[in-house]
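**Student:** Structure provided below as structure tokens; questions to follow.
The values are calculated or read from the model by the stated rules, or taken from the named source; none is laboratory data. Just so we're clear, the structure is a prediction, and the values are computed from it rather than from any experiment. Here the Cβ positions follow ideal geometry from the backbone for every residue, glycine too, while neighbour counts run over all protein chains shown. To get the accessible areas, we keep the full protein, side chains included, count just its heavy atoms, and leave off ligands, DNA and RNA. Shrake-Rupley method; radii C 1.70, N 1.55, O 1.52, S 1.80 Å.
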Amino acid sequence: MRRPLIAGNWKMNLDRTTGTALALDVVAGCAGRAGVDVVLCPPFVYLEAVGSTLRGSAIGLGAQDLYHEASGAFTGEVSAAMLLDVGCQWVIIGHSERRQLLGETNGSVLAKVRAALAAERNGHTLTPIVCVGETLAERETGRTQEVIRSQFAESLAELSEGEFARVVLAYEPVWAIGTGRVATPDQAGEVHADLRKQVADRYNAAVASEARILYGGSVKPENAGQLFAQPNIDGALVGGASLKAADFLGIIAATA
Ligand code: PGA
């Protein structure tokens with residue numbers, strides 16, 4: 001059985017005070033709630049502060065990116081080992097904003113996924129949340145399946161079955177991110193089903209049935225339940241609605 005996962009991607013929002021306050025509210029709101037994994041992904045500079053707030057709770061800490069090299073002269077970059085050092089268990093890789101605005105390619109995503117999977121510190125490891133998604137132009141010209149399949153194939157190329165089993169996928173249609181325009185449950189469900197089929201074709205049915213595939217793009221408490229009712233949607237990667245405790249907790253509650 002796949003355990004639902006709700007990850008909040010704060011993007012470049014909040015500050016130390018508002019971020020730790022939000023984390024505290026999420027911890028309080030999730031107390032006693034079992035059966036769902038919850039992760040907060042603040043900006044790099046607030047990882048430690050938010051991590052301290054989350055300590056002792058069941059809520060995970062995630063970063064929004066990493067760099068694929070282990071160390072060295074890479075000004076401004078952050079390695080997988082550094083993320084583990086500040087207490088991260090999760091890392092988002094290949095978000096569409098990074099693909100569109102910051103030059104991320106399927107190749108760089110793959111290198112980052114490999115780096116995340118290879119990192120280990122005192123018995124702790126990182127779980128990559130790897131994003132794929134088509135643009136509006138790609139959807140409107142009937143290329144959604146082709147684009148998602150090639151992102152899946154190239155961003156996660158040649159991972160062993162054991163490596164892939166540690167990856168979480170996130171389908172995030174670019175046209176639905178931050179636009180208030182959510183994919184219909186059927187539209188999302190169709191892509192999720194095809195992604196699961198890609199996993200089955202590449203590995204096997206057992207790996208496919210265990211793979212967690214999140215939906216992302218304007219998820220709100222009001223639409224979350226319908227999305228999670230889809231058999232292949234295993235949770236959400238939440239942007240805007242993760243910045244307000246009540247909204248984020250409402251989405252978490254919709255997994256039950
Ligand atoms: P949104 O962002 O929920 O604000 O649409 C989702 C995401 O980018 O992960």
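**Student:** Which condition number does Gly217 fail, the rest of (1) open to solvent by 50 Å² or more (accessible area, probe 1.4 Å); (2) at pLDDT 95 or above; (3) within 13 Å of the ligand (Cβ to nearest atom) being met?
**Tutor:** It fails just one condition, (1).
**Student:** Check Ile92 against each of (1) farther than 22 Å from Val238 by Cα; (2) under 19 Å from the mean Cα position of the chain (by Cα); (3) not acidic (Asp, Glu) and name the one condition it does not meet.
**Tutor:** Going through (1) farther than 22 Å from Val238 by Cα; (2) under 19 Å from the mean Cα position of the chain (by Cα); (3) not acidic (Asp, Glu) one by one, Ile92 breaks only (1).
**Student:** If the requirement is being part of a loop (DSSP other than H, G, I, E, B) and either open to solvent by less than 50 Å² (accessible area, probe 1.4 Å) or in contact with a Gly (Cβ under 9 Å, 6 or more places away or on another chain) (or both), which of these qualifies: Gly87, Gly72, Gly103, Gly62? Before the answer, list the steps.
**Tutor:** Working: Gly72 fails: either open to solvent by less than 50 Å² (accessible area, probe 1.4 Å) or in contact with a Gly (Cβ under 9 Å, 6 or more places away or on another chain) (or both); Gly103 fails: either open to solvent by less than 50 Å² (accessible area, probe 1.4 Å) or in contact with a Gly (Cβ under 9 Å, 6 or more places away or on another chain) (or both); Gly62 fails: part of a loop (DSSP other than H, G, I, E, B).
Exactly one of Gly87, Gly72, Gly103, Gly62 is part of a loop (DSSP other than H, G, I, E, B) and either open to solvent by less than 50 Å² (accessible area, probe 1.4 Å) or in contact with a Gly (Cβ under 9 Å, 6 or more places away or on another chain) (or both), namely Gly87.
**Student:** Just give me the residues in segment 77-91 being within 19 Å of Ala49 (Cα to Cα) and in contact with a strand residue (DSSP E or B) (Cβ under 7 Å, 6 or more places away or on another chain), in sequence order. Reasoning before the result, please.
**Tutor:** Quick first cut of segment 77-91, residues within 19 Å of Ala49 (Cα to Cα) only: 78-91.
Residues satisfying the conditions are Val78, Ser79, Ala81, Leu83, Leu84, Asp85, Gly87, Cys88, Gln89, Trp90, Val91.
**Student:** While we're here: Considering every residue within segment 101-115, establish whether at least one is out of contact with any Phe, Trp or Tyr (no Cβ under 9 Å at 6 or more places or on another chain) and among the charged types (D, E, K, R).
**Tutor:** Checked against the condition, which is being out of contact with any Phe, Trp or Tyr (no Cβ under 9 Å at 6 or more places or on another chain) and among the charged types (D, E, K, R), segment 101-115 yields at least one hit.
**Student:** Related question: Which numbered condition in (1) within 16 Å of the ligand (Cβ to nearest atom); (2) open to solvent by less than 10 Å² (accessible area, probe 1.4 Å) is the only one that Val199 fails?
**Tutor:** Among (1) within 16 Å of the ligand (Cβ to nearest atom); (2) open to solvent by less than 10 Å² (accessible area, probe 1.4 Å), the lone unmet condition for Val199 is (1).
**Student:** Name the one entry in Ala206, Ala170, Ala245 that is open to solvent by 40 Å² or more (accessible area, probe 1.4 Å), modelled with pLDDT of 95 or more and of a type in the set (Gly, Ala, Ser).
**Tutor:** Numbers: Ala170 fails: open to solvent by 40 Å² or more (accessible area, probe 1.4 Å); Ala245 fails: open to solvent by 40 Å² or more (accessible area, probe 1.4 Å).
One residue alone meets the criteria, Ala206.
**Student:** So Gln151 clears everything in (1) surrounded by fewer than 16 Cβ atoms within 10 Å (Cβ to Cβ); (2) within 16 Å of the ligand (Cβ to nearest atom) except one condition, right? Which one?
**Tutor:** (1)
**Student:** Which one is nearest to Phe152 (Cα to Cα) among residues in segment 75-107 that are aliphatic (A, V, I, L, M) and more than 16 Å from the ligand (Cβ to nearest atom)? Break it down stepwise before answering.
**Tutor:** First pass over segment 75-107, keeping only residues aliphatic (A, V, I, L, M): 78, 80-84, 86, 91-93, 101-102.
Then keep just the ones that are more than 16 Å from the ligand (Cβ to nearest atom); that gives 78, 80-84, 86.
Details: Val78: 24, Ala80: 22, Ala81: 25, Met82: 27, Leu83: 24, Leu84: 26, Val86: 29 Å.
If we take residues in segment 75-107 being aliphatic (A, V, I, L, M) and more than 16 Å from the ligand (Cβ to nearest atom), then Ala80 is nearest to Phe152 (Cα to Cα).
**Student:** Please go through segment 106-141 and pick out each residue that is outside any helix (DSSP H, G or I) and open to solvent by 70 Å² or more (accessible area, probe 1.4 Å). Let's see the steps before the verdict.
**Tutor:** At the first step, the residues of segment 106-141 found to be outside any helix (DSSP H, G or I) are 119-135, 141.
Scanning segment 106-141 gives Glu120, Arg121, Asn122, His124, Thr141.
**Student:** Tell me which residues, restricted to segment 224-248, are in contact with an Asp or Glu (Cβ under 6 Å, 6 or more places away or on another chain) and either within 14 Å of the ligand (Cβ to nearest atom) or not in a helix (DSSP H, G or I) (or both). I'd like the intermediate steps shown before the answer.
**Tutor:** Let us first name the residues in segment 224-248 that are in contact with an Asp or Glu (Cβ under 6 Å, 6 or more places away or on another chain), namely 241, 245.
Answer for segment 224-248, where residues must be in contact with an Asp or Glu (Cβ under 6 Å, 6 or more places away or on another chain) and either within 14 Å of the ligand (Cβ to nearest atom) or not in a helix (DSSP H, G or I) (or both): just Ala241.
**Student:** Any chance you could count how many residues in segment 5-35 are in contact with a strand residue (DSSP E or B) (Cβ under 6 Å, 6 or more places away or on another chain) and over 18 Å from Ala63 (Cα atoms)?
**Tutor:** Number of matching residues: 1.
**Student:** Is segment 49-59 home to any residue that is assigned to a helix (DSSP H, G or I), within 16 Å of the ligand (Cβ to nearest atom) and in contact with a strand residue (DSSP E or B) (Cβ under 8 Å, 6 or more places away or on another chain)? If you could, list the steps in order and put the result at the bottom.
**Tutor:** Within segment 49-59, the subset assigned to a helix (DSSP H, G or I) is 49-54.
Going one step further and asking which of them are within 16 Å of the ligand (Cβ to nearest atom), we end up with none.
For segment 49-59, residues assigned to a helix (DSSP H, G or I), within 16 Å of the ligand (Cβ to nearest atom) and in contact with a strand residue (DSSP E or B) (Cβ under 8 Å, 6 or more places away or on another chain): absent.
**Student:** Turning to a different aspect of this structure: Looking at segment 165-180 only, could you name the residues that are within 13 Å of the ligand (Cβ to nearest atom) and either part of a helix (DSSP H, G or I) or farther than 18 Å from His95 by Cβ (or both)?
**Tutor:** Those that are within 13 Å of the ligand (Cβ to nearest atom) and either part of a helix (DSSP H, G or I) or farther than 18 Å from His95 by Cβ (or both): Val174, Trp175, Ala176, Gly180.
**Student:** Quick check: anything in segment 39-54 touching a Ser or Thr at 6+ places or on another chain (Cβ under 7 Å), under 16 Å from Arg121 (Cβ atoms) and buried (at least 19 other Cβ atoms within 10 Å of the Cβ)? Don't jump to the end; show me each part of the working.
**Tutor:** Within segment 39-54, the subset touching a Ser or Thr at 6+ places or on another chain (Cβ under 7 Å) is 49-50, 53.
From what's left, under 16 Å from Arg121 (Cβ atoms): none.
The answer is no; no qualifying residue exists.
**Student:** Additional query: Looking at Gly87, Gly60 in this structure, which one is within 20 Å of Ala241 (Cα to Cα) and in contact with a Leu (Cβ under 8 Å, 6 or more places away or on another chain)? Show your work before the answer.
**Tutor:** Numbers: Gly87 fails: within 20 Å of Ala241 (Cα to Cα).
From the options Gly87, Gly60, the qualifying one is Gly60.
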